[in-house]
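Notes follow once the structure below has been shown.
The values are calculated or read from the model by the stated rules, or taken from the named source; none is laboratory data. Predicted, not measured: the structure shown is a model, and the values here were computed from it. Positions of Cβ are generated from backbone atoms using ideal geometry, with glycine treated the same way; all protein chains shown enter the neighbour counts. Just so you know, the surface numbers come from the protein's heavy atoms only, side chains and all, with ligands and any DNA or RNA stripped out. Shrake-Rupley method; radii C 1.70, N 1.55, O 1.52, S 1.80 Å.
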Amino acid sequence: MPTLFKTIRCRVSGLLARLGPYQSQSLIDYPFARSDVAMLQRCTVQPEDACIDDQSWNDLLLDQYSDHIAVKVSIFGQQLLHRRLRLGLSNEASHTLCARLGELQNNFALRSELQNLCRPLRESDTEISAMLFGTQALHEVPAWARYLWMLPWLLPASLILTILTPWAWIGAGTAIFFLLSLQSSFFMRVHVWNKAIKSVQLMLGVATKLGNRSEKEQSAFTASFIADNVRASKINRALSDHPELNLIPAGRAYYDWFGLGNVRHYFKSRDTVLLHQDFLQRCFLRCAELEADLALAAHLNTVERVCWSERSVDRQMMLEQFVHPLMPDPAPLSIHLDGKGAFISGQNGIGKSTLLRALGLNLITARAFGFCYAHSARVPALPVYASMQSEDSLLGGESLYIAELRRARELLASSLSPQRGIYLIDEIFRGTNHLESISAAASVLHALAANASVIVSSHNLVLAALLKQSLLPLCVSAVDGDRKSLRLMPGVLADTNGIALLAAHGFDHSIAQQAQIVASWLSEYLRHPGDCEQLLT
């Protein structure tokens, strides 16, 4: 009889486990904090990894780009995309990814089927990478927890004994006290843990379905799930906490409060996760990689200008007609560098900062995903470090110039390390006077360019002559005055427009006229400072 009851309970639990945690009619994608999305990368990064740092991530607006490519993607896929953007891929992994993306792009039926199988992952409302990959390992269950099953029996036993002696009320009161104390102590921990376990079960359910699909129909995308789908199903059932109790009104509440069901399941499920942690990590990465690949394939089918990128050696770069994918109507540009970095000049508002962000994003996607938003691309697979939005900090007690100096020290230090990359700098040292800004910028950029590729934009045109040996002067300009059609040509800006914008923005004509007189007096020397190429040798 007990065996029959156990069999029925297992069948019911299995049915509810398949139907329960993730088969909902309406699906709402849970909004996760940026720190949650970054958790997988933070938990798995190694000291030797060449990782894009936080300031570069923010300067290049990579959060916005991540949102753009991760449409209708669960926290699993979002975390994997974030890690790829931060860390990049090896040559072999990049070639494999490009082949997978190409097949998914061309096979709409397969992509739709796999997206439907991965859909339950989007019901996860808790990130679990910290639990599975975090440095703070799950602690073993305390020895006293194995005796918790005895405590719920103390209460009915004491109540029965009260018929024989009133002293039994002491036992009943003690039992109630311990039941309530344990429930109060563990309630929030159990609640948070159960949300994480739900995400684990969603993942295991998807892994089981993908494995079952691959058994019926061979596919390179789901082949890795075949060997483990049975194990995933068993772990999923082991993590279920008597789902049949949900069919009984108030059954779950009575079971938790008077049977310590939730606390006992908390410890039991921790044991299960700890026992199968390596398998769960592997399952997490497989599900996340598949969902990330599906998201990228869907994204690529919506993009007009995209190409597979080739990898070049350091200090060589070729991007033909590249754009920024977040721009609604971008003006494409081309850049060719061989052995040198670049000094970029251009009129106010022409799009120098946008150019740097577009260039940085394309370098990052080439390293992370194997494609660029361009007609053709051949770029080095190096991390990108940016300095574009340094600001003063009232709370941190840091002025703009001090913030710029701190960032410059970080960039110089990284250029001397094995993790050196490509450096994008916009308007360096804005926080001090003009003379010292140029002097400090020339010295820092010269040292930085000696060790790595540097691409800098600035209105201080004298820097172009000072850094000519290491940085190729390039000027971005509008074709026939049309700012929707830009070009990047060798040379330095000749026609500035800062003073012209005074009149265009409502300043009195006399102010603009006097400014032009001062500018004419200064410009001749600053544009043509004589033989200064040898100053920094």
Could you work out how much longer the chain between D271 and S181 gets when fully extended? Use 0.36 nm per residue separation minus the Cα distance between them, nm to one decimal. 30.1 nm
Short version: ³J(HN,Hα) in whole Hz for each residue of the stretch 282-297, in order, from phi by Karplus 6.51 cos²θ - 1.76 cosθ + 1.60 (θ = phi - 60°), x for Gly and Pro, what are they? 5, 5, 4, 5, 5, 5, 5, 5, 5, 5, 5, 4, 5, 5, 5, 5
Go through the stretch 183-191 residue by residue and turn each phi into a ³J(HN,Hα) via Karplus (6.51, -1.76, 1.60, θ = phi - 60°); whole Hz please, and just put x for glycine and proline. 5, 5, 5, 9, 4, 5, 4, 5, 4
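Counting Lys +1, Arg +1, Asp -1, Glu -1, what net charge surrounds V192 among other residues with beta carbon under 13 Å of its beta carbon? Numbers along the way, then the final one.
Details: positive: R189, K195, K198, R270; negative: D125, E127.
Within the 13 Å Cβ shell, the charges total +2.
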Show D482, D338 ordered by accessible area, largest first, where the area counts protein heavy atoms only and the probe is 1.4 Å. D338, D482
Just check the stretch 60-141 against the gyration tensor rule for me: Cα atoms, a ≥ b ≥ c as the square roots of the eigenvalues, rounded for a/c under 1.5, and otherwise prolate or oblate depending on whether a/b exceeds b/c. prolate
Pairs K198/K268; K72/K268; K72/K209: which are spaced more than 22 Å apart, C-alpha to C-alpha? K72/K268
Charged-residue dipole, Cβ positions (Lys, Arg, Asp, Glu), the stretch 386-503 about Cα centre, Debye nearest 20: 340 debye
Under-5 Å amide H pairs with L474, H placed in peptide plane, nonlocal only: F343, I344, S345, G491
Measuring from a point 7 Å past the Cα of E391 along Cα-to-C-beta, which residues in the stretch 49-77 have an amide N at less than 14 Å? 55, 58-61
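Keeping all protein chains in place and using 1.4 angstrom, which order do H336, H68 fall into by accessible surface area, from largest down? Let's see the in-between values first.
Details: H336 100, H68 75 Å².
So the residues, ranked largest to smallest area, are H336, H68.
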May I have the extent of the alpha carbons of the stretch 435-483 along their three principal axes, as whole Å values ordered from largest to smallest? 37, 25, 14
Report, as a whole number in µm² per second, the diffusion coefficient that Stokes-Einstein gives for the stretch 301-349 at 20 °C and 1.002 mPa s using the Kirkwood radius over alpha carbon pairs. 163 µm²/s
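Does the stretch 442-512 classify as rounded, prolate or oblate by the C-alpha gyration tensor (a ≥ b ≥ c root eigenvalues; a/c under 1.5 gives rounded; else a/b over b/c gives prolate, otherwise oblate)?
oblate
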Any idea how far apart Q316 and R231 come out in nm if each label point goes 7 Å out from Cα toward Cβ? 4.4 nm
Averaging 1/r across every pair of distinct alpha carbons in the stretch 352-450 and inverting yields a Kirkwood hydrodynamic radius, in angstrom, of 14.8 Å
Efficiency of FRET from Cβ geometry, L300 and A130, R₀ 45 Å, rounded to 0.05: 0.90
Descending semi-axes in Å of the stretch 274-419, equivalent ellipsoid built from Cα gyration tensor: 30, 25, 17
With Kirkwood's inverse mean 1/r over C-alpha pairs for Rh, give me the Rg to Rh ratio of the stretch 251-342, two decimals please. 1.35
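What percentage of all Cα-Cα pairs in the stretch 313-396 are separated by more than 14 Å?
Within the stretch 313-396, distances greater than 14 Å cover 66 percent of Cα pairs.
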The Cα extents of the stretch 26-110 along the principal axes, largest first and rounded to whole Å, are 40, 38, 23
Starting from the Cα of N106, step 7 Å along the direction of its Cβ; do the same at S417; then give the gap between the two resulting points in nm. 4.2 nm
